[in-house]
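Engineer: Provided herewith is a single structure, encoded as structure tokens, for subsequent inquiry.
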Amino acid sequence: MNDLAPLLTPEGRALLDAVRGTAPADELAVATRLRREHPAELVSAALGQARLRQRAAAKFGAEDAGRMFFTPNGVEQSTRASVASYRAARFRAQGVRSVADLCCGIGGDAIALARAGIRVLAVDRDPSTAAVARANADALGLADLIEVREADVTEVETAGCDAVFVDPARRGGRGRIFDPEAYSPPLSWAVQAARTASRAAALKVAPGIPHEAVPAEAEAEWISDGGDVKEAVLWFRTEPGAVRATLLPGPRTLLGRGLPDPRVRPVGRYLYEPDGAVIRAHLVAEVAEELDGGLIDPTIAYITADERHVTPYASAYEITDRLPFNVKKLKTLLREREVGILTVKKRGSAVEPEELRRKALPKQHGPNSATVFMTRVAGAPTMLVGHPV
Ligand SMILES: C[S@@+](CC[C@H](N)C(=O)[O-])C[C@H]1O[C@@H](n2cnc3c(N)ncnc32)[C@H](O)[C@@H]1O
């Protein structure tokens, strides 16, 4: 028996339907009404599940999330559908027909793999999490393809699968874990497991993983979705040493060519802000070359160029003004330009964007908008004002 079982009974399912989409403000009234006919514990469980489903909609879409089950940690740690299905497509392209999904959580990756037509052995040692993964495979009609096993991944035989995927837990009792050896299971165990896979293997790691921690035989891929970096993946049996940045939706993939650091040059008419995946993958030089640009400072990942080029790997801004760091001067400029909406971006500056907006925006809010980059140009704290192109 686990926490989920009562919700899978006919009464539990009816309650889940009854509380679907309940707004936080209405929860008390809904609970009071339902408790007249149902056990209080079951009503709370259904409301808790409804809340988790709402939270999960951002990752899984409202339709799937509305049919799935979650645990609070399971929602946080699961892979969003866009990233999971991109990864599943890569496995498919490698001819993979079956995957051992080691550390399956509530099944974010397992679901995407199964939808790509791949058989999945999904393993998690936490009983309630494994029960949720099983319920999700059922709820989405994927139970024929997903076998959920409640077990420690270090004790599971994976020889029957073409590929191994490991998504270790990266949160401990005291929050996020940065040291890959403190993951559960540790990265070194996951790398060993990857080596034993017959056809392919992938390990999901934190995007902040130091490049030195990537084994020489692995390819490292940083993935962003809608401009936000989501994760890094280490692929085995693809291209050892390769580095890529993949932007979703798309996908658009930039492959590293091992270029040296870009040159530093004076600020030109355009400023380009590389996508976070490009920065994490250390591929700013590849984008600078494409843009025929250089860096504004050797330590800052902003690219500048005189011409406008279109690239998916960086957002372009036209720079209209350059000021030394001085909030009063910025305020005067914004007043002259009748700016009422200010976007603050920063790199290499300790400025608090909210505070700067409060101090620099004129009282009389104008109709125009502007973007200010708080940064360093050749070592000097500088404000670059402009707008997206
Ligand atoms: C990051 S989550 C996996 C998320 C999953 N990929 C998804 O998209 O839903 C990590 C999971 O690893 C499980 N875990 C950690 N150590 C484990 C071990 N040694 N054996 C089995 N499961 C483990 C945790 O219970 C947790 O559910």
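Engineer: Can you tell me which residues in the range 157-181 are among the acidic types (Asp, Glu) and either within 14 Å of the ligand (Cβ to nearest atom) or farther than 19 Å from Pro210 by Cβ (or both)?
Structural biologist: Glu157, Asp162, Asp167, Glu181
Engineer: Mind listing whichever residues of the range 119-161 are crowded, with 22+ Cβ neighbours inside 10 Å and among the small types (Gly, Ala, Ser)?
Structural biologist: Ala122, Ala130, Ala131, Ala133, Ala135, Ala137
Engineer: Yes or no: the range 15-31 includes at least one residue that is within 22 Å of Ala130 (Cα to Cα), in contact (Cβ under 8 Å) with a residue 24 or more places away in the chain and surrounded by 14 or more Cβ atoms within 10 Å (Cβ to Cβ).
Structural biologist: Yes: the range 15-31 contains one or more residues that are within 22 Å of Ala130 (Cα to Cα), in contact (Cβ under 8 Å) with a residue 24 or more places away in the chain and surrounded by 14 or more Cβ atoms within 10 Å (Cβ to Cβ).
Engineer: Next question, about the same structure. Being exposed (fewer than 13 other Cβ atoms within 10 Å of the Cβ) and outside any helix (DSSP H, G or I) is the filter here, so list the residues in the range 333-364 that pass it.
Structural biologist: Once the filter is applied, which keeps residues that are exposed (fewer than 13 other Cβ atoms within 10 Å of the Cβ) and outside any helix (DSSP H, G or I), the range 333-364 yields Ala350, Lys363, Gln364.
Engineer: Related question: Only one of these is closer than 15 Å to His387 by Cβ, over 27 Å from the mean Cα position of the chain (by Cα) and not in a strand (DSSP E or B): Arg322, Arg308. Name it.
Structural biologist: One residue alone meets the criteria, Arg308.
Engineer: Among the listed residues Ala29, Ala18, Ala23, Ala14, identify the single one that is at pLDDT below 95 and either more than 17 Å from Ile106 (Cα to Cα) or charged (D, E, K, R) (or both).
Structural biologist: That would be Ala23, the only listed residue that is at pLDDT below 95 and either more than 17 Å from Ile106 (Cα to Cα) or charged (D, E, K, R) (or both).
Engineer: Here's something else I'd like to know. Please find, among Asp101, Asp126, Asp109, the residue that is closer than 24 Å to Ala50 by Cα and in contact with a Phe, Trp or Tyr (Cβ under 8 Å, 6 or more places away or on another chain).
Structural biologist: Unique residue meeting the criteria: Asp109.
Engineer: Additional query: What are the residues in the range 55-78 that are without any contact (Cβ under 8 Å) to a residue 40 or more places away in the chain, more than 10 Å from the ligand (Cβ to nearest atom) and either farther than 28 Å from Gly173 by Cα or not aliphatic (A, V, I, L, M) (or both), if any?
Structural biologist: Matches in the range 55-78: Arg55, Gly61, Ala62, Glu63, Pro72.
Engineer: Here is a follow-up. Out of (1) surrounded by 18 or more Cβ atoms within 10 Å (Cβ to Cβ); (2) more than 13 Å from the ligand (Cβ to nearest atom); (3) within 23 Å of Val191 (Cβ to Cβ), what's the single condition that is false for Gln94?
Structural biologist: (1)
Engineer: If the requirement is being of a type outside the set (Val, Ile, Thr) and in contact (Cβ under 8 Å) with a residue 60 or more places away in the chain, which of these qualifies: Pro274, Pro240, Pro260, Pro207?
Structural biologist: Sole residue among the options that is of a type outside the set (Val, Ile, Thr) and in contact (Cβ under 8 Å) with a residue 60 or more places away in the chain: Pro207.
Engineer: Let me ask something else about it. Which pairs do you get when a residue that is touching a residue at least 24 places away in the same chain (Cβ under 8 Å), found in the range 155-175, comes within reach of a residue that is assigned to a loop (DSSP other than H, G, I, E, B) and more than 13 Å from the ligand (Cβ to nearest atom), reach meaning Cβ atoms under 7 angstrom, with the pair 6+ apart or on two chains?
Structural biologist: Partner pairs satisfying both residue conditions: Asp162/Val96; Asp162/Arg97; Asp162/Ser198; Asp162/Arg199; Ala163/Val96; Ala163/Ala197; Ala163/Arg199; Val164/Ala197.
Engineer: Looking at Ala133, Ala81, Ala100, which is the one that is among the aliphatic types (A, V, I, L, M), within 13 Å of the ligand (Cβ to nearest atom) and touching a Leu at 6+ places or on another chain (Cβ under 7 Å)?
Structural biologist: Only one candidate passes the filter, namely Ala100.
Engineer: Looking at the range 235-253 only, could you name the residues that are within 14 Å of Leu203 (Cα to Cα) and in a strand (DSSP E or B)?
Structural biologist: Trp235, Phe236
Engineer: Moving to a separate point now. With the checklist (1) touching a strand residue (DSSP E or B) at 6+ places or on another chain (Cβ under 6 Å); (2) among the aliphatic types (A, V, I, L, M); (3) without any contact (Cβ under 8 Å) to a residue 40 or more places away in the chain in hand, flag the one item Ala350 doesn't pass.
Structural biologist: (1)
Engineer: In the range 162-208, which residue that is among the basic types (Lys, Arg) and either touching a helix residue (DSSP H, G or I) at 6+ places or on another chain (Cβ under 7 Å) or within 22 Å of Gly276 (Cβ to Cβ) (or both) is surrounded by the fewest Cβ atoms within 10 Å (Cβ to Cβ)?
Structural biologist: Arg176
Engineer: When you go through Ala202, Ala220, Ala206 one by one, which is the residue that is of a type in the set (Gly, Ala, Ser), under 18 Å from the mean Cα position of the chain (by Cα), more than 17 Å from Ala100 (Cα to Cα) and within 16 Å of the ligand (Cβ to nearest atom)?
Structural biologist: Ala206
Engineer: Can you tell me how many residues in the range 263-296 are of a type outside the set (Asp, Glu), surrounded by fewer than 23 Cβ atoms within 10 Å (Cβ to Cβ) and more than 27 Å from the chain's Cα centre (by Cα)?
Structural biologist: Counting residues in the range 263-296 that are of a type outside the set (Asp, Glu), surrounded by fewer than 23 Cβ atoms within 10 Å (Cβ to Cβ) and more than 27 Å from the chain's Cα centre (by Cα) gives 9.
Engineer: To continue, here is another question. Name the residue that is farthest from the ligand (Cβ to nearest atom), counting only residues in the range 118-130 that are within 20 Å of Arg97 (Cα to Cα) and in a strand (DSSP E or B).
Structural biologist: Out of the qualifying residues, it is Arg119.
The values are calculated or read from the model by the stated rules, or taken from the named source; none is laboratory data. As the structure is a prediction and not an experimental result, all values here were calculated from the model. Cβ: placed from backbone, ideal geometry, glycine included. Neighbour counts: every protein chain shown.
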